[in-house]
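*Asks:* For reference, the structure I am asking about is given below.
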Amino acid sequence: MADISIGSTLASLAVARARPSFELTFNQLQNTIIRRLNSEIEKVNNTGAAQENRVERLQSDALKLVDALPILQEFRIGNLNNSGQLDALFDETATLISSLGSDDIDASEVAAFNAQRDIVVERLNNVYLFVHPDVVNGNVIEGLKDQIETLEGLTPVVGTQADNQALIDTVNSFQTQVSTGQTTTILTISTTLDLEQKIQSELAVAQSEILELGTVEAARKELEIQNIQAEFANLLQAISLSFETNNAFAESVANSLQPKLPAPGSVLNLFV
């Protein structure tokens, strides 16, 4: 009986000492695993360099597109303004031609021509030069602007149409240039608008790809981190369960070594 009692006592003491020791060890192990977990998560967050480089390139391209768009818009608006000025210039030039009439030219017609010529020159001064490296317009506006000095020097003489034929040819040629300028400017506006729409489309595609890459990469990292967390959590749980199982077994052994006493009030207690 004494041996059983001593064995039981020693077993109980061993079980009692085991739990604080395990809790200390488990706490140290848990801290180690948390540090390892944080390290693994940091590694995951630092992965995906290829994806990040792709996103950076797309962002750089998108910024270039964003910078290019207002320049094109300004160029198109400038040409829209020119288009209106060229329409008015064509009409003013037609008036200039008609001011000389169709027969001999008198002093009043000379005065009318000179007055209308000044209006044409003023209108031409309101046509501005706009240049964009991606849009070719044949330099028609430069050609028109080059005619300012020539127009300013035109003065008809009193006499016949033949006497003023060179002047009339110059004005007719200028009107043809204005007509070409009108057509070219309209085409320039259309081309510029197409470029704007293309840039907007490319920008939308780039932004969509950036968003998609970011979403996919974030989801991948999140899933990988969750898997790592689950792995370490399962490890801790397995260690804890192992201890609880061993501790329960030790308690069972200790309990089995306890002397079996009759129930209180039993007559067998008289013999204990």
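*Asks:* Around Thr155, under 13 Å between beta carbons, what's the net of Lys plus Arg minus Asp minus Glu among the other residues?
*Replies:* Values: positive: Arg117; negative: Glu109, Asp118, Glu152, Asp163.
My count for the surroundings of Thr155 gives -3.
*Asks:* Is segment 73-134 best put as rounded, prolate or oblate by its Cα gyration tensor, with a ≥ b ≥ c the root eigenvalues, rounded for a/c under 1.5, and otherwise prolate when a/b is larger than b/c, oblate when not? If you can, show how the numbers build up before the last one.
*Replies:* On the way: a/c = 4.32, a/b = 3.40, b/c = 1.27.
Prolate, since a/c reaches 1.5 and a/b exceeds b/c.
*Asks:* Tally Lys and Arg at +1 and Asp and Glu at -1 over the other residues with C-beta under 14 Å from the C-beta of Phe75: what net charge comes out? Display every interim value, and only then the final one.
*Replies:* Values: positive: Arg76; negative: Asp67, Glu74, Asp134, Asp194, Glu196.
Local charge sum for Phe75: -4.
*Asks:* Further question on the same structure: Projected onto the charge dipole of segment 57-218 (+1 at Lys/Arg Cβ, -1 at Asp/Glu Cβ, origin at the Cα centre), which of Phe90, Ser108, Val135 gives the Cα projection farthest towards the positive end?
*Replies:* Val135
*Asks:* What is the magnitude of the charge dipole of segment 57-218 about its Cα centre, with +1 placed on the Cβ of each Lys and Arg, -1 on the Cβ of each Asp and Glu, and no other charges, expressed in debye to the nearest 20?
*Replies:* On the way: 7 positive and 25 negative charges, 72 e Å.
That gives segment 57-218 a dipole magnitude of about 340 debye.
A short reminder: the numbers here are calculations on the coordinates, not readings from a lab. In this text the structure is predicted, and so the values were computed from the model without any measurement. Cβ atoms come from the backbone with ideal geometry, glycine included; neighbour counts cover every protein chain shown.
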